[in-house]
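Everything on this sheet refers to the single structure shown next.
No lab work stands behind these numbers, since they all come straight from the coordinates. Just so it is clear, the model here is predicted, and its values are computed rather than measured. Cβ atoms come from the backbone with ideal geometry, glycine included; neighbour counts cover every protein chain shown.
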Amino acid sequence: MRFAVIVFPGSNCDHDTYHVIKHILGEEAQFVWHRETSLSNYDVVVIPGGFAYGDYLRTGAIAALSPIMQAVKKFAAGGGLVLGVCNGFQILVEAGLLPGALVANQSLRFISRKIHLKPEDTGSSLTAGLKLDRIYTMPVAHQAGNYLIQAAELAQLEDNGQIAFRYATAGGKVSTGANPNGSVANIAGVLNREKNIMGMMPHPERASESVVGSVDGLEIFKSIAGQA
């Protein structure tokens with residue numbers, strides 16, 4: 001598969017993501033600068049973490065207006081797979097490609113630590129290789145990862161199977177204590193209605209080699225590439 005790794009001014013997980021896709025997963029990957037206007041040569045688009053445009057105005061707000069995002073919208077409308085991680089999740093929300101909003105953590109502090117993820121849906125090509133009875137460990141690193149959504153829209157996410165992940169304990173219990181940022185219903189990742197776009201706050205690219213303490217994140221990339 002051909003992966004596009006989008007690069008904005010301020011992206012800082014682009015090389016990590018490229019490394020995992022190219023050198024660990026063994027798939028084709030290319031960096032795509034945010035001023036580009038076409039994604040026709042790719043099968044998957046990844047919007048990595050970082051601080052696009054320094055997170056000025058609001059996280060993801062300026063990046064959502066970059067030329068490449070019109071190409072992302074067209075790519076997704078044609079059924080292409082899109083993954084947004086951390087800042088990438090924020091950008092997808094700001095661009096209107098995913099529902100809800102991401103605001104300051106409940107603690108108002110930057111959070112950088114390992115968390116546990118419980119998959120909630122495997123009905124998408126983005127998550128099909130994951131196991132619902134397994135807990136995945138990977139890090140979060142954000143200051144605006146608090147996911148909010150109106151109650152009626154949350155009910156729609158539940159009904160449509162659009163909740164990709166929830167924060168949980170190591171034993172798989174979805175609880176307030178396992179929630180690092182205050183996200184409603186412990187939501188750590190969501191899908192669009194068509195399930196070809198996914199945003200998640202945890203960093204799978206930082207948990208894809210044993211040397212960094214976890215390879216659980218690699219399972220997400222394998223799922224996307226159809227290797228799971």
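Considering only Cα atoms, the convex hull volume of region 42-148 works out to 114 Å³ per residue. Sorted fewest first by neighbouring Cβ atoms within 10 angstrom, E194, E120 come out as E194, E120.
Anything over 20 Å Cα to Cα? Flag those among K22/K114; K131/K173; K22/K73; K173/K195, in the order listed.
Cα-Cα > 20 Å for K22/K114; K22/K73; K173/K195; rest within.
Taking other C-beta atoms within 10 angstrom as a stand-in for reagent exposure, M69, M1 fall in the order M1, M69, fewest first.
Couplings 3J(HN,Hα) of region 146-153, computed from phi: 7, 7, 10, 7, 4, 4, 5, 6 Hz, in residue order, whole Hz [Karplus 6.51 cos²θ - 1.76 cosθ + 1.60, θ = phi - 60°; x for Gly and Pro]. Taking chymotrypsin sites (Phe, Trp or Tyr not before Pro) across region 14-101, the ones in a DSSP loop with at most 16 further Cβ atoms lying within 10 angstrom of their Cβ are Y56.
The amide H of A188, built 1.01 Å from its N in the peptide plane, has F165, R166, Y167 as neighbours under 5 Å, considering only residues 5 or more places off or on other chains.
When averaged across all projection directions, what area in nm² does the alpha-carbon convex hull of the chain cover? Over every viewing direction, the Cα hull of the chain projects on average to 10.9 nm². For K118, a cut-off of 12 angstrom between C-alpha atoms picks up these aspartates and glutamates, skipping any fewer than 8 places away in its own chain: D133, D216. Exposure proxy ranking for H19, H142, based on other Cβ atoms within 10 angstrom of each Cβ and starting from the fewest, stands as H19, H142.
Express in % the proportion of alpha carbon pairs of region 137-197 at distances exceeding 19 Å.
For region 137-197, the fraction of Cα-Cα distances above 19 Å is 31 percent.
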